[in-house]
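Down below is the structure, laid out as structure tokens.
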Number of protein chains: 2
Amino acid sequence: MNDSRAQVREVGLRDGLQMVKTILSAEQKLEWCRRMVAAGCTEIEVTSFVPPRIVPQFADSDEVARGALTIAGLHASALVPNLKGAQRAFDAGLKKVHYVLSASNEHNLKNVRRSTAESVDDFSNIIAARNESGRQDIKLGAGVATAFGCTISGHVDEQHVLRLVETLLKAGADEIAIADTVGYAHPGQVRKLMRQVLALTGDLPVTCHFHDTRGLGLANVVAALDAGVRAFDSSLGGLGGCPFAPNATGNINTEDTVFLLESEGMRTGIDIDALLAIREQVASWLPGEPFAGAIARAGLPKGFVSLTM
Amino acid sequence: MNDSRAQVREVGLRDGLQMVKTILSAEQKLEWCRRMVAAGCTEIEVTSFVPPRIVPQFADSDEVARGALTIAGLHASALVPNLKGAQRAFDAGLKKVHYVLSASNEHNLKNVRRSTAESVDDFSNIIAARNESGRQDIKLGAGVATAFGCTISGHVDEQHVLRLVETLLKAGADEIAIADTVGYAHPGQVRKLMRQVLALTGDLPVTCHFHDTRGLGLANVVAALDAGVRAFDSSLGGLGGCPFAPNATGNINTEDTVFLLESEGMRTGIDIDALLAIREQVASWLPGEPFAGAIARAGLPKGFVSLTM
């Protein structure tokens, strides 16, 4: 990837929808995907392969994944919490699968009822399953959640996060994602950790996943850019709250993230006006859900020219 | 000022209140000031010496300024738009007076019905009036508004802003403030401009004044910190909209700014919990006004320790 290009991966269909009351139809989700691709956003985490009884919103994950694979130009991925979810993602035909574990053992226990060490072992099992299936074309990403702090255990040690990244790379991860799951990160911390992560990952893709819970989401993007990160997860309209912080805003907002990146001289390939139109459409499907975002409220600066156009 | 200290100047009583429907009493304004000082925020822009028919909220500016001067520990300042306002501020006994003009000629014409060049001349008249009065103890700050862009004229040339700063310094400014009045600035632009401003100002204080209109307010604080800026204007609860962008958020939020600065290792001397209590008090006086802010909504991170405490 050229130094002046940045990638924005839409996670509104996954991280955004998991907190939402209204259950979207598979056709609505696919319409959202199609319009994102038309707007220039080709990386989308389309669903999560969790048990439907835990998150009913994702009961249609097979249908959504298979539908997404028919959309030209879309690089569809899905989140999986365990080997069983990974097998379902493989069976659906996805070529990008993201596994996630928490740096905080307490958070991991609460989230997936296993220790972080057990989740690391599970990632090795997923890698082995992929390899045994002969599907070497499937890219397996590994994400470290609560990498900047945890609502349960508080401080998360930077060296612990770096050791986890090393372990995941050794296990065979094709991509590393570093996530501020609960919105605890601050810019100096991001810059420092991400420089060290990038020193470990070499040529492998690295994505930052920030929440704007405490208002520092976009400041953290700038810090990660400084460190050399060029890929970010974000959610249309900032959808996606935090189960441990009621009323808190969710993921960083896709429209605002694209505006920031383009302002900073990074080409995203994404049309902000088209995003704003999709946002209106999705908001009409989710009555009562809070849609955050500054650009949707205030508009682009007069004379703003996207590098992408 | 030590490199690890940062100053936060409360402008909620000035920039925040000028857009608000409810007119606070002078006693409420002074109670706000007293509580800010008790919380550790000793720099407050307490009022604006504009004609009362233009902004009725500031009809009590003499009373507020005189009252503020009786509060122990408070460094009270006021904004003045012209020589007449400056004379009133001098007469009230204030020792810090801030004059502001717009880098954008169109914005200046709309704001104070004069060209930027005429406003520069007026600043020289204010300096002369201060000198003739023998009140050399009064510090005269000069602020450049719309320094990062203008809702009327769009792009504002960086070299034009730097020449204005040079002119204001030559005229005798004791402090320079650089303001993103309409929320157009982005971090790379801030870092680049502020490095050059600091190269001009030498040992004189320099303050950045950001609005969060397009979500980049705190990211811009980080960029200004990188450039070496150590003083920031902010408004409790993010009070203060922009007359040219309805529904847009206003000044950067004081609580969130202090949280950011302390997270980044800067001592502000300000107690965030005390700010949150003042915010509740002020919000109760201003029914229906939007109070923005992430920390008020989500709380501080678990285990967060202020450097100030």
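Go through the residues of the range A:207-215 one by one and say whether even a single one is within 11 Å of another protein chain (Cβ to nearest Cβ), over 29 Å from residue A:262 (Cβ atoms) and part of a loop (DSSP other than H, G, I, E, B).
no
Can you say whether residue B:174 is touching a strand residue (DSSP E or B) at 6+ places or on another chain (Cβ under 9 Å), surrounded by 24 or more Cβ atoms within 10 Å (Cβ to Cβ) and among the acidic types (Asp, Glu), as far as the supplied structure shows? Walk me through how you get there before you give the answer.
On the way: touching a strand residue (DSSP E or B) at 6+ places or on another chain (Cβ under 9 Å): yes; surrounded by 24 or more Cβ atoms within 10 Å (Cβ to Cβ): no; among the acidic types (Asp, Glu): yes.
No.
Taking into account only those residues within the range A:284-295 that are out of contact with any Asp or Glu (no Cβ under 7 Å at 6 or more places or on another chain) and small (Gly, Ala, Ser), which is nearest to residue A:308 (Cα to Cα)?
The selected residue is A:292.
Among the residues of the range B:263-295, write down those that are among the aliphatic types (A, V, I, L, M) and within 7 Å of chain A (Cβ to nearest Cβ).
Result: B:294, B:295.
Quick one: is residue A:231 in contact with a Pro (Cβ under 7 Å, 6 or more places away or on another chain) and away from chain B (no Cβ under 14 Å)?
Considered against the rule, which asks whether it is in contact with a Pro (Cβ under 7 Å, 6 or more places away or on another chain) and away from chain B (no Cβ under 14 Å), residue A:231 comes out as yes.
Based on what the data block shows, is residue B:181 within 14 Å of chain A (Cβ to nearest Cβ), of a type outside the set (Asp, Glu), touching a helix residue (DSSP H, G or I) at 6+ places or on another chain (Cβ under 7 Å) and buried (at least 18 other Cβ atoms within 10 Å of the Cβ)?
no
Could you identify the single residue in B:77, B:124, B:104, B:153 that is among the small types (Gly, Ala, Ser) and touching a Cys at 6+ places or on another chain (Cβ under 8 Å)?
Step by step, each of B:77, B:124, B:104, B:153 is checked, and only B:104 is among the small types (Gly, Ala, Ser) and touching a Cys at 6+ places or on another chain (Cβ under 8 Å).
Please verify whether residue A:257 is more than 18 Å from residue B:260 (Cβ to Cβ), away from chain B (no Cβ under 14 Å) and among the hydroxyl-bearing types (Ser, Thr, Tyr), treating the condition exactly as stated.
no
Of these, A:298, A:219, A:224, which one is touching a residue at least 12 places away in the same chain (Cβ under 8 Å) and either facing chain B (nearest Cβ under 9 Å) or surrounded by fewer than 18 Cβ atoms within 10 Å (Cβ to Cβ) (or both)? Explain how you work it out, then say what you get.
Values: A:298 fails: touching a residue at least 12 places away in the same chain (Cβ under 8 Å); A:224 fails: either facing chain B (nearest Cβ under 9 Å) or surrounded by fewer than 18 Cβ atoms within 10 Å (Cβ to Cβ) (or both).
Of the residues listed, the single one that is touching a residue at least 12 places away in the same chain (Cβ under 8 Å) and either facing chain B (nearest Cβ under 9 Å) or surrounded by fewer than 18 Cβ atoms within 10 Å (Cβ to Cβ) (or both) is A:219.
Just to verify a result, which residue in the range A:127-162, among those that are hydroxyl-bearing (Ser, Thr, Tyr) and under 13 Å from residue A:104 (Cα atoms), is surrounded by the fewest Cβ atoms within 10 Å (Cβ to Cβ)?
Taking the candidates together, the pick is A:153.
Of all the residues that make up the range B:10-31, how many are more than 14 Å from residue B:61 (Cα to Cα) and surrounded by fewer than 22 Cβ atoms within 10 Å (Cβ to Cβ)?
Residues in the range B:10-31 being more than 14 Å from residue B:61 (Cα to Cα) and surrounded by fewer than 22 Cβ atoms within 10 Å (Cβ to Cβ): 5 in total.
Out of the range B:92-126, which residues are hydrophobic (A, V, I, L, M, F, W, C), farther than 23 Å from residue B:68 by Cα and surrounded by 15 or more Cβ atoms within 10 Å (Cβ to Cβ)?
B:101, B:103, B:109, B:112, B:120, B:123
What number of residues within the range B:66-85 satisfy the criterion of being crowded, with 23+ Cβ neighbours inside 10 Å and part of a helix (DSSP H, G or I)?
1
Go through A:260, A:200, A:275 for me and flag whichever is surrounded by 24 or more Cβ atoms within 10 Å (Cβ to Cβ), touching an Asp or Glu at 6+ places or on another chain (Cβ under 9 Å) and not in a loop (DSSP other than H, G, I, E, B).
Checking each option against the conditions leaves just A:275.
Any idea which of A:222, A:305, A:229 is closer than 26 Å to residue B:223 by Cα and either small (Gly, Ala, Ser) or not in a loop (DSSP other than H, G, I, E, B) (or both)? Lay out the reasoning, then the answer.
Working: A:305 fails: either small (Gly, Ala, Ser) or not in a loop (DSSP other than H, G, I, E, B) (or both); A:229 fails: either small (Gly, Ala, Ser) or not in a loop (DSSP other than H, G, I, E, B) (or both).
A:222 is the lone residue from the list that is closer than 26 Å to residue B:223 by Cα and either small (Gly, Ala, Ser) or not in a loop (DSSP other than H, G, I, E, B) (or both).
Given the structure, is residue B:240 over 21 Å from residue B:191 (Cβ atoms) and either assigned to a strand (DSSP E or B) or in contact (Cβ under 8 Å) with a residue 40 or more places away in the chain (or both)?
yes
Take the residues of the range B:152-168 that are of a type in the set (Asp, Glu) and more than 14 Å from every other protein chain (Cβ to nearest Cβ): which is nearest to residue B:80 (Cα to Cα)?
Across the range B:152-168, the extreme among qualifying residues is B:166.
From the list B:48, B:25, B:61, which residue is over 19 Å from the mean Cα position of the chain (by Cα) and of a type in the set (S, T, N, Q)?
B:25
Applying the selection to the range A:241-294, what residues are modelled with pLDDT of 95 or more and of a type in the set (Val, Ile, Thr)?
A:252, A:254, A:257, A:258, A:268, A:270, A:272, A:278, A:282
When the residues of the range B:287-302 are narrowed to those that are within 22 Å of the chain's Cα centre (by Cα) and either assigned to a loop (DSSP other than H, G, I, E, B) or among the basic types (Lys, Arg) (or both), which ends up nearest to residue A:217 (Cα to Cα)?
Applying the filter and picking the extreme gives B:293.
With respect to residue B:190, determine if the residue is at pLDDT 95 or above, facing chain A (nearest Cβ under 9 Å), out of contact with any Gly (no Cβ under 9 Å at 6 or more places or on another chain) and not in a strand (DSSP E or B). Let's see the steps before the verdict.
Details: at pLDDT 95 or above: yes; facing chain A (nearest Cβ under 9 Å): no; out of contact with any Gly (no Cβ under 9 Å at 6 or more places or on another chain): yes; not in a strand (DSSP E or B): yes.
Considered against the rule, which asks whether it is at pLDDT 95 or above, facing chain A (nearest Cβ under 9 Å), out of contact with any Gly (no Cβ under 9 Å at 6 or more places or on another chain) and not in a strand (DSSP E or B), residue B:190 comes out as no.
What about residue B:171, is it away from chain A (no Cβ under 14 Å), closer than 27 Å to residue A:301 by Cα and not acidic (Asp, Glu)?
On the way: away from chain A (no Cβ under 14 Å): yes; closer than 27 Å to residue A:301 by Cα: no; not acidic (Asp, Glu): yes.
No: the conditions fail for residue B:171.
Against the condition under 15 Å from the mean Cα position of the chain (by Cα), at pLDDT 95 or above, surrounded by 18 or more Cβ atoms within 10 Å (Cβ to Cβ) and not aliphatic (A, V, I, L, M), how does residue A:210 come out, does it pass?
Answer is yes for this residue.
Scan the range A:5-29 for residues that are closer than 22 Å to residue A:81 by Cα and assigned to a helix (DSSP H, G or I) and jot them down.
Passing the criteria: A:12, A:13, A:14, A:15, A:16, A:17, A:18, A:19, A:26, A:29.
The values are calculated or read from the model by the stated rules, or taken from the named source; none is laboratory data. These figures come from a predicted structure and were not determined experimentally. No Cβ is skipped: glycine too gets one built from the backbone with ideal geometry, and neighbour counts run over all protein chains shown.
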